[in-house]
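Following: one structure in structure tokens, then a few remarks.
The values are calculated or read from the model by the stated rules, or taken from the named source; none is laboratory data. Quantities reported herein were computed from a predicted structural model and do not represent experimental measurements. Cβ placement follows ideal geometry from the backbone for every residue including glycine, while neighbour counts extend to all protein chains displayed. Please note that ligands, DNA and RNA were not included when accessible areas were found on the heavy atoms of the full protein model with its side chains. Shrake-Rupley method; radii C 1.70, N 1.55, O 1.52, S 1.80 Å.
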Amino acid sequence: MSVLTPLLLRSLTGSARRLMVPRAQVHSKPPREQLGVLDITIGLTSCFVCCLLPAGWVLSHLESYKKRE
């Protein structure tokens with residue numbers, strides 16, 4: 001590396017430090033209603049059925065996908 005490389009890198013990154021980055025003003029409030037145990041159970045069960053069950057089925061039948069017919 002030459003002697004000028006750190007100077008060039010410093011000049012390139014120096015202008016990037018001065019750029020303003022817009023930030024969103026996000027504020028949240030407490031929920032109007034607390035979720036009950038039944039609501040949480042239904043939500044977690046539906047996530048399991050929709051996402052994990054098809055993936056498990058594909059993984060369990062992986063050998064049949066490898067066969068050429």
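Taking Kirkwood radius over Cα pairs in Å straight from the coordinates, which label in (i) 19.2; (ii) 12.1; (iii) 16.1 is the correct one? Derived directly from the coordinates: (i). Within the chain, the longest segment free of exposed loop sites, counting trypsin sites (Lys or Arg not before Pro) that fall outside DSSP classes H, G, I, E and B and have at most 16 other Cβ atoms within 10 Å, spans 33-66. The sum of -39500 (n - 2.57) across all DSSP H runs of n ≥ 4, divided by the residue count of the chain, sets its helix-only mean residue ellipticity at 222 nm to -16000 deg cm²/dmol. Think of a 1.4 Å ball rolled over the protein heavy atoms: the chain then has 108 Å² of accessible area per residue.
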